[in-house]
Amino acid sequence: MAEHMSIESPSPLAPAAPSGSTPRPAPGLLDHSLRPVAGSVLLLILLLLPPVAQALGDDFYVGVASRVLVFALAATSLNLILGFGGMVSFGHAAFVGMGAYAAGIAMNAGWMSAWATWPLAFVVGGLLALVIGAISLRTQGVYFIMITLAFAQMLYFLMVSLKTFGGDDGLPLPGRAKVGLGLDLSNDTHFYYVVLAVVVVVFLALHRLVNARFGHTLQAIRENETRMLALGFPVYRFKLVAFTLAGALAGLAGALLANQGGFVSPSAMQWSQSGMLMIMVILGGVGHLYGGLAGAALFLIMEEVLVAYTIHWQFGLGAVLLAVVLLAPNGLMSLGARASQLLKSWGARS
(Lines give C-alpha, C1' and ligand atoms only; values in the text may rest on other atoms or scores of the structure.)
Protein backbone atom coordinates (compact mmCIF):
# COMPACT_ATOMS: atom_id res chain seq x y z
CA MET A 1 0.00 0.00 0.00
CA ALA A 2 1.57 3.21 -1.12
CA GLU A 3 1.25 6.32 0.96
CA HIS A 4 0.78 9.75 -0.60
CA MET A 5 3.24 12.26 0.79
CA SER A 6 3.28 15.94 -0.11
CA ILE A 7 6.55 17.88 -0.28
CA GLU A 8 6.40 21.41 1.03
CA SER A 9 9.08 24.08 0.65
CA PRO A 10 10.65 25.06 3.95
CA SER A 11 9.54 28.30 5.53
CA PRO A 12 12.16 31.08 5.53
CA LEU A 13 11.49 31.51 9.26
CA ALA A 14 12.08 27.83 10.04
CA PRO A 15 15.50 26.91 11.41
CA ALA A 16 17.78 25.20 8.94
CA ALA A 17 18.31 21.49 9.33
CA PRO A 18 21.71 20.51 10.67
CA SER A 19 24.26 19.61 8.04
CA GLY A 20 24.24 15.92 7.20
CA SER A 21 20.94 15.26 9.02
CA THR A 22 18.21 13.21 7.42
CA PRO A 23 14.51 13.83 7.96
CA ARG A 24 12.73 11.36 10.20
CA PRO A 25 10.58 9.04 8.05
CA ALA A 26 6.84 9.14 8.51
CA PRO A 27 5.35 6.29 10.56
CA GLY A 28 4.63 3.27 8.40
CA LEU A 29 2.25 0.34 8.58
CA LEU A 30 4.71 -1.61 10.73
CA ASP A 31 5.12 1.15 13.32
CA HIS A 32 3.12 1.11 16.57
CA SER A 33 2.64 4.18 18.73
CA LEU A 34 2.39 4.17 22.52
CA ARG A 35 -0.27 6.91 22.12
CA PRO A 36 1.40 9.30 24.59
CA VAL A 37 -1.75 11.16 25.61
CA ALA A 38 -3.90 8.07 26.18
CA GLY A 39 -0.95 6.24 27.72
CA SER A 40 -0.26 9.09 30.15
CA VAL A 41 -3.90 9.21 31.20
CA LEU A 42 -3.93 5.44 31.74
CA LEU A 43 -0.71 5.60 33.76
CA LEU A 44 -2.14 8.41 35.90
CA ILE A 45 -5.27 6.33 36.60
CA LEU A 46 -3.14 3.34 37.57
CA LEU A 47 -1.00 5.49 39.87
CA LEU A 48 -4.06 6.93 41.60
CA LEU A 49 -5.88 3.60 41.95
CA PRO A 50 -4.47 2.51 45.37
CA PRO A 51 -5.13 5.80 47.24
CA VAL A 52 -8.61 6.04 45.70
CA ALA A 53 -9.40 2.42 46.62
CA GLN A 54 -8.15 2.97 50.17
CA ALA A 55 -10.20 6.15 50.51
CA LEU A 56 -13.29 4.19 49.46
CA GLY A 57 -12.46 1.32 51.79
CA ASP A 58 -12.00 -1.14 48.90
CA ASP A 59 -8.39 -2.26 49.36
CA PHE A 60 -9.38 -5.56 47.75
CA TYR A 61 -9.25 -3.94 44.33
CA VAL A 62 -5.55 -3.16 44.72
CA GLY A 63 -4.90 -6.91 44.70
CA VAL A 64 -7.19 -7.34 41.70
CA ALA A 65 -5.32 -4.59 39.84
CA SER A 66 -1.98 -6.26 40.64
CA ARG A 67 -3.29 -9.53 39.21
CA VAL A 68 -4.48 -7.72 36.08
CA LEU A 69 -1.03 -6.18 35.58
CA VAL A 70 0.73 -9.53 36.03
CA PHE A 71 -1.51 -11.25 33.50
CA ALA A 72 -1.18 -8.23 31.21
CA LEU A 73 2.57 -8.85 31.22
CA ALA A 74 2.05 -12.55 30.45
CA ALA A 75 -0.48 -11.81 27.68
CA THR A 76 1.78 -9.13 26.20
CA SER A 77 4.65 -11.61 26.04
CA LEU A 78 2.38 -13.96 24.08
CA ASN A 79 1.26 -11.07 21.87
CA LEU A 80 4.89 -10.50 20.89
CA ILE A 81 5.03 -13.85 19.07
CA LEU A 82 1.34 -14.22 18.22
CA GLY A 83 0.46 -10.69 17.17
CA PHE A 84 3.78 -9.44 15.84
CA GLY A 85 5.37 -12.72 14.78
CA GLY A 86 2.39 -14.80 13.68
CA MET A 87 3.44 -17.76 15.88
CA VAL A 88 0.39 -19.41 17.45
CA SER A 89 1.82 -21.03 20.58
CA PHE A 90 -0.56 -23.10 22.68
CA GLY A 91 1.97 -23.79 25.42
CA HIS A 92 2.90 -20.30 26.56
CA ALA A 93 1.68 -20.91 30.11
CA ALA A 94 4.55 -23.38 30.55
CA PHE A 95 7.02 -20.47 30.66
CA VAL A 96 4.83 -18.63 33.17
CA GLY A 97 4.66 -21.72 35.37
CA MET A 98 8.36 -22.55 35.15
CA GLY A 99 9.27 -18.95 35.95
CA ALA A 100 7.01 -19.17 39.00
CA TYR A 101 8.66 -22.44 40.06
CA ALA A 102 12.15 -21.01 39.54
CA ALA A 103 11.34 -18.10 41.84
CA GLY A 104 9.50 -20.31 44.35
CA ILE A 105 12.26 -22.92 44.60
CA ALA A 106 14.93 -20.21 44.97
CA MET A 107 12.93 -18.45 47.69
CA ASN A 108 12.44 -21.70 49.60
CA ALA A 109 16.21 -22.17 49.39
CA GLY A 110 16.69 -18.83 51.14
CA TRP A 111 17.04 -16.47 48.16
CA MET A 112 14.49 -13.88 49.19
CA SER A 113 15.83 -10.96 47.17
CA ALA A 114 13.70 -9.95 44.19
CA TRP A 115 16.88 -8.73 42.50
CA ALA A 116 18.00 -12.39 42.37
CA THR A 117 14.81 -14.46 42.02
CA TRP A 118 13.02 -12.37 39.41
CA PRO A 119 15.96 -12.24 36.98
CA LEU A 120 16.37 -15.98 37.63
CA ALA A 121 12.77 -16.57 36.53
CA PHE A 122 13.41 -14.38 33.47
CA VAL A 123 16.47 -16.45 32.52
CA VAL A 124 14.78 -19.81 33.17
CA GLY A 125 11.79 -18.83 31.02
CA GLY A 126 14.11 -17.64 28.27
CA LEU A 127 16.30 -20.75 28.30
CA LEU A 128 13.28 -23.07 28.17
CA ALA A 129 11.83 -21.03 25.31
CA LEU A 130 15.17 -21.19 23.50
CA VAL A 131 15.26 -24.99 23.70
CA ILE A 132 11.57 -25.49 22.90
CA GLY A 133 11.63 -22.88 20.15
CA ALA A 134 14.72 -24.36 18.53
CA ILE A 135 12.72 -27.56 18.00
CA SER A 136 9.20 -26.21 17.54
CA LEU A 137 10.08 -23.50 15.02
CA ARG A 138 11.23 -26.13 12.55
CA THR A 139 7.52 -26.85 12.06
CA GLN A 140 4.66 -24.61 10.95
CA GLY A 141 0.91 -24.29 11.21
CA VAL A 142 -0.99 -26.84 13.26
CA TYR A 143 2.20 -28.84 13.84
CA PHE A 144 3.77 -25.86 15.61
CA ILE A 145 0.64 -25.44 17.73
CA MET A 146 0.60 -29.10 18.75
CA ILE A 147 4.32 -29.36 19.50
CA THR A 148 4.25 -26.31 21.79
CA LEU A 149 1.23 -27.82 23.53
CA ALA A 150 3.08 -31.15 23.87
CA PHE A 151 6.12 -29.51 25.47
CA ALA A 152 3.90 -27.59 27.88
CA GLN A 153 2.08 -30.74 28.97
CA MET A 154 5.40 -32.54 29.43
CA LEU A 155 6.59 -29.79 31.77
CA TYR A 156 3.24 -29.84 33.58
CA PHE A 157 3.42 -33.58 34.30
CA LEU A 158 7.10 -33.22 35.24
CA MET A 159 6.26 -30.76 38.01
CA VAL A 160 3.28 -32.87 39.12
CA SER A 161 5.60 -35.87 39.55
CA LEU A 162 8.27 -33.98 41.52
CA LYS A 163 7.03 -34.49 45.09
CA THR A 164 10.12 -32.64 46.39
CA PHE A 165 8.56 -29.42 45.12
CA GLY A 166 5.03 -30.21 46.25
CA GLY A 167 3.88 -32.29 43.30
CA ASP A 168 0.21 -31.85 42.53
CA ASP A 169 -0.32 -29.95 45.80
CA GLY A 170 1.91 -27.11 44.70
CA LEU A 171 4.72 -25.23 46.42
CA PRO A 172 4.03 -22.57 49.08
CA LEU A 173 6.36 -19.59 49.29
CA PRO A 174 7.86 -18.42 52.61
CA GLY A 175 6.67 -14.89 51.84
CA ARG A 176 7.06 -12.22 49.23
CA ALA A 177 10.45 -11.30 47.89
CA LYS A 178 12.41 -8.40 49.32
CA VAL A 179 13.23 -5.52 46.99
CA GLY A 180 14.71 -3.02 49.44
CA LEU A 181 14.53 0.71 48.60
CA GLY A 182 12.26 1.20 51.60
CA LEU A 183 9.53 -0.96 50.03
CA ASP A 184 7.80 -3.85 51.78
CA LEU A 185 6.25 -6.16 49.19
CA SER A 186 4.12 -7.82 51.85
CA ASN A 187 2.15 -4.58 51.65
CA ASP A 188 -0.28 -4.92 48.73
CA THR A 189 0.10 -1.27 47.75
CA HIS A 190 3.88 -1.46 47.62
CA PHE A 191 3.67 -4.69 45.63
CA TYR A 192 1.22 -3.08 43.21
CA TYR A 193 3.52 -0.15 42.49
CA VAL A 194 6.53 -2.43 41.95
CA VAL A 195 4.53 -4.58 39.51
CA LEU A 196 3.32 -1.42 37.75
CA ALA A 197 6.92 -0.21 37.40
CA VAL A 198 7.99 -3.56 35.90
CA VAL A 199 5.08 -3.53 33.44
CA VAL A 200 5.78 0.06 32.36
CA VAL A 201 9.46 -0.74 31.73
CA VAL A 202 8.52 -3.84 29.71
CA PHE A 203 6.00 -1.87 27.63
CA LEU A 204 8.55 0.84 26.86
CA ALA A 205 11.12 -1.78 25.88
CA LEU A 206 8.66 -3.65 23.65
CA HIS A 207 7.63 -0.38 22.02
CA ARG A 208 11.25 0.25 21.07
CA LEU A 209 11.65 -3.36 19.92
CA VAL A 210 8.63 -3.60 17.61
CA ASN A 211 9.43 -0.22 16.05
CA ALA A 212 13.08 -1.12 15.48
CA ARG A 213 14.46 -3.01 12.51
CA PHE A 214 14.01 -6.30 14.39
CA GLY A 215 10.31 -5.61 15.01
CA HIS A 216 9.71 -4.55 11.42
CA THR A 217 11.41 -7.69 10.15
CA LEU A 218 9.39 -9.87 12.53
CA GLN A 219 6.14 -8.34 11.31
CA ALA A 220 7.20 -8.75 7.69
CA ILE A 221 7.88 -12.43 8.39
CA ARG A 222 4.37 -12.69 9.82
CA GLU A 223 2.93 -11.22 6.62
CA ASN A 224 4.95 -13.21 4.10
CA GLU A 225 7.58 -15.61 5.39
CA THR A 226 8.35 -17.03 1.94
CA ARG A 227 9.20 -13.61 0.52
CA MET A 228 11.43 -12.78 3.49
CA LEU A 229 13.31 -16.04 2.96
CA ALA A 230 13.72 -15.20 -0.71
CA LEU A 231 15.13 -11.79 0.24
CA GLY A 232 17.81 -13.53 2.30
CA PHE A 233 16.59 -12.79 5.83
CA PRO A 234 17.44 -15.42 8.50
CA VAL A 235 13.77 -16.05 9.31
CA TYR A 236 14.39 -18.92 11.71
CA ARG A 237 16.84 -16.83 13.74
CA PHE A 238 14.47 -13.86 14.02
CA LYS A 239 11.58 -16.08 15.11
CA LEU A 240 13.74 -17.92 17.64
CA VAL A 241 14.96 -14.67 19.23
CA ALA A 242 11.36 -13.41 19.51
CA PHE A 243 10.19 -16.75 20.93
CA THR A 244 13.02 -16.73 23.50
CA LEU A 245 12.29 -13.15 24.58
CA ALA A 246 8.57 -13.94 24.90
CA GLY A 247 9.36 -16.95 27.09
CA ALA A 248 11.68 -14.86 29.28
CA LEU A 249 9.00 -12.19 29.83
CA ALA A 250 6.47 -14.93 30.61
CA GLY A 251 8.89 -16.34 33.19
CA LEU A 252 9.13 -12.90 34.80
CA ALA A 253 5.33 -12.72 34.90
CA GLY A 254 5.35 -16.15 36.59
CA ALA A 255 7.66 -14.88 39.33
CA LEU A 256 5.36 -11.92 39.96
CA LEU A 257 2.31 -14.21 39.99
CA ALA A 258 3.96 -16.54 42.51
CA ASN A 259 4.82 -13.61 44.77
CA GLN A 260 1.33 -12.21 44.62
CA GLY A 261 -0.39 -15.44 45.60
CA GLY A 262 2.40 -16.82 47.78
CA PHE A 263 1.97 -20.18 46.07
CA VAL A 264 3.06 -22.03 42.95
CA SER A 265 0.87 -24.74 41.42
CA PRO A 266 1.32 -26.99 38.38
CA SER A 267 -2.15 -25.91 37.29
CA ALA A 268 -0.58 -22.62 36.16
CA MET A 269 1.04 -24.62 33.35
CA GLN A 270 -2.01 -26.45 32.03
CA TRP A 271 -3.17 -26.02 28.44
CA SER A 272 -6.27 -24.19 29.69
CA GLN A 273 -4.03 -21.42 31.08
CA SER A 274 -2.36 -21.06 27.68
CA GLY A 275 -5.83 -20.82 26.16
CA MET A 276 -6.76 -18.13 28.68
CA LEU A 277 -3.72 -16.05 27.71
CA MET A 278 -4.65 -16.44 24.05
CA ILE A 279 -8.21 -15.31 24.78
CA MET A 280 -6.84 -12.23 26.54
CA VAL A 281 -4.76 -11.32 23.49
CA ILE A 282 -7.71 -11.88 21.13
CA LEU A 283 -10.01 -9.80 23.34
CA GLY A 284 -7.55 -6.91 23.58
CA GLY A 285 -6.29 -6.98 20.02
CA VAL A 286 -3.75 -9.19 18.31
CA GLY A 287 -0.76 -7.13 17.20
CA HIS A 288 -1.65 -4.06 19.31
CA LEU A 289 0.81 -2.86 21.95
CA TYR A 290 -1.95 -2.44 24.51
CA GLY A 291 -3.79 -5.56 23.40
CA GLY A 292 -2.52 -7.77 26.22
CA LEU A 293 -3.32 -5.15 28.86
CA ALA A 294 -6.83 -4.46 27.53
CA GLY A 295 -7.62 -8.16 27.17
CA ALA A 296 -6.33 -9.08 30.63
CA ALA A 297 -8.28 -6.24 32.22
CA LEU A 298 -11.54 -7.18 30.47
CA PHE A 299 -11.14 -10.91 31.15
CA LEU A 300 -10.26 -10.66 34.85
CA ILE A 301 -12.72 -7.86 35.65
CA MET A 302 -15.52 -9.78 33.93
CA GLU A 303 -14.54 -12.84 35.93
CA GLU A 304 -14.71 -10.90 39.21
CA VAL A 305 -18.09 -9.42 38.32
CA LEU A 306 -19.72 -12.59 36.99
CA VAL A 307 -18.47 -14.87 39.78
CA ALA A 308 -20.51 -12.77 42.21
CA TYR A 309 -23.69 -13.77 40.36
CA THR A 310 -23.15 -17.29 39.06
CA ILE A 311 -20.70 -20.18 39.17
CA HIS A 312 -21.14 -20.45 35.39
CA TRP A 313 -19.24 -17.24 34.77
CA GLN A 314 -17.54 -18.75 31.72
CA PHE A 315 -20.87 -18.63 29.88
CA GLY A 316 -21.12 -14.86 30.31
CA LEU A 317 -17.50 -14.42 29.37
CA GLY A 318 -18.07 -16.47 26.25
CA ALA A 319 -20.91 -14.14 25.28
CA VAL A 320 -18.62 -11.13 25.75
CA LEU A 321 -15.93 -12.79 23.63
CA LEU A 322 -18.48 -13.50 20.90
CA ALA A 323 -19.64 -9.88 20.96
CA VAL A 324 -16.05 -8.60 20.68
CA VAL A 325 -15.31 -10.94 17.78
CA LEU A 326 -18.45 -9.81 15.93
CA LEU A 327 -18.22 -6.08 16.64
CA ALA A 328 -14.43 -5.70 16.68
CA PRO A 329 -12.73 -8.61 14.90
CA ASN A 330 -9.33 -7.08 15.70
CA GLY A 331 -10.06 -6.72 19.43
CA LEU A 332 -10.94 -3.90 21.76
CA MET A 333 -8.03 -1.77 20.59
CA SER A 334 -9.56 -1.60 17.10
CA LEU A 335 -12.85 -0.13 18.33
CA GLY A 336 -11.55 3.45 18.13
CA ALA A 337 -10.50 3.10 14.49
CA ARG A 338 -13.74 1.30 13.66
CA ALA A 339 -15.84 4.03 15.31
CA SER A 340 -13.98 6.78 13.45
CA GLN A 341 -14.53 4.96 10.13
CA LEU A 342 -18.23 4.65 10.86
CA LEU A 343 -18.44 8.36 11.72
CA LYS A 344 -16.63 9.31 8.51
CA SER A 345 -18.91 7.13 6.38
CA TRP A 346 -22.00 8.52 8.16
CA GLY A 347 -20.76 12.08 7.59
CA ALA A 348 -20.09 11.37 3.91
CA ARG A 349 -23.62 10.03 3.45
CA SER A 350 -25.20 12.98 5.21
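The values are calculated or read from the model by the stated rules, or taken from the named source; none is laboratory data. Since this is a predicted model, take the numbers as computed values, not measurements. Backbone-built Cβ (ideal geometry, glycine too); neighbour counts: all protein chains shown.
Residues in region 86-101 that are crowded, with 24+ Cβ neighbours inside 10 Å and within 23 Å of residue 219 (Cβ to Cβ): 87, 89, 91, 92, 95.
Within region 133-143, the set of residues being surrounded by 18 or more Cβ atoms within 10 Å (Cβ to Cβ) and more than 20 Å from the chain's Cα centre (by Cα) comprises 136, 137. Could you list, in sequence order, all residues of region 152-194 that are among the polar types (S, T, N, Q) and under 21 Å from the mean Cα position of the chain (by Cα)? Hits for region 152-194: nothing passes. Return yes when residue 292 is assigned to a helix (DSSP H, G or I), closer than 20 Å to residue 215 by Cβ and either small (Gly, Ala, Ser) or free of Cβ contacts under 8 Å to residues at least 60 places away in the same chain (or both) and no when it is not. So residue 292 passes the test. Looking at 305, 324, just one residue is surrounded by 19 or more Cβ atoms within 10 Å (Cβ to Cβ) and either modelled with pLDDT under 90 or over 30 Å from residue 105 (Cα atoms) (or both), and that residue is 324. Taking the residues in region 33-58 that are part of a helix (DSSP H, G or I) and over 25 Å from residue 289 (Cα atoms) as candidates, determine which candidate is farthest from the chain's Cα centre (by Cα). Looking at residues that are part of a helix (DSSP H, G or I) and over 25 Å from residue 289 (Cα atoms), I get 55. Touching a strand residue (DSSP E or B) at 6+ places or on another chain (Cβ under 6 Å), aromatic (Phe, Trp, Tyr) and part of a helix (DSSP H, G or I), is that true of residue 61? No, not satisfied.
Against the conditions (1) on the phi < 0 side of the Ramachandran plot; (2) over 20 Å from the mean Cα position of the chain (by Cα), residue 262 satisfies every one except (1). All of 279, 311 fail the test of being outside any helix (DSSP H, G or I) and of a type outside the set (D, E, K, R), apart from 311. Of the residues in region 243-254, not one is more than 21 Å from residue 96 (Cα to Cα) and either exposed (fewer than 15 other Cβ atoms within 10 Å of the Cβ) or modelled with pLDDT of 90 or more (or both). In region 105-116, of all residues being assigned to a helix (DSSP H, G or I) and either hydroxyl-bearing (Ser, Thr, Tyr) or touching a strand residue (DSSP E or B) at 6+ places or on another chain (Cβ under 8 Å) (or both), the one that is surrounded by the fewest Cβ atoms within 10 Å (Cβ to Cβ) corresponds to 108.
Residue-level check: of (1) crowded, with 22+ Cβ neighbours inside 10 Å; (2) within 24 Å of the chain's Cα centre (by Cα), residue 197 misses just (1).
Filtered by the rule that a residue be in a helix (DSSP H, G or I) and closer than 21 Å to residue 160 by Cβ, region 254-268 gives 254, 255, 257, 258, 261, 266, 267, 268.
For region 195-203, indicate whether the set of residues that are of a type in the set (Phe, Trp, Tyr), on the phi < 0 side of the Ramachandran plot and modelled with pLDDT under 90 is non-empty. The answer is no, given that none of the residues of region 195-203 is of a type in the set (Phe, Trp, Tyr), on the phi < 0 side of the Ramachandran plot and modelled with pLDDT under 90.
For residue 216, the conditions (1) touching a residue at least 60 places away in the same chain (Cβ under 8 Å); (2) more than 30 Å from residue 63 (Cβ to Cβ); (3) crowded, with 18+ Cβ neighbours inside 10 Å are fulfilled apart from (3).
Residues checked against (1) surrounded by fewer than 20 Cβ atoms within 10 Å (Cβ to Cβ); (2) in contact with a Ser or Thr (Cβ under 8 Å, 6 or more places away or on another chain); (3) closer than 14 Å to residue 255 by Cα:
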| site | (1), (2), (3) |
| --- | --- |
| 57 | yes, no, no |
| 103 | no, yes, yes |
| 118 | no, no, yes |
| 131 | yes, no, no |
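When each of 263, 299, 315, 238 is tested for being farther than 25 Å from residue 61 by Cβ and not basic (Lys, Arg), the lone residue that passes is 238.
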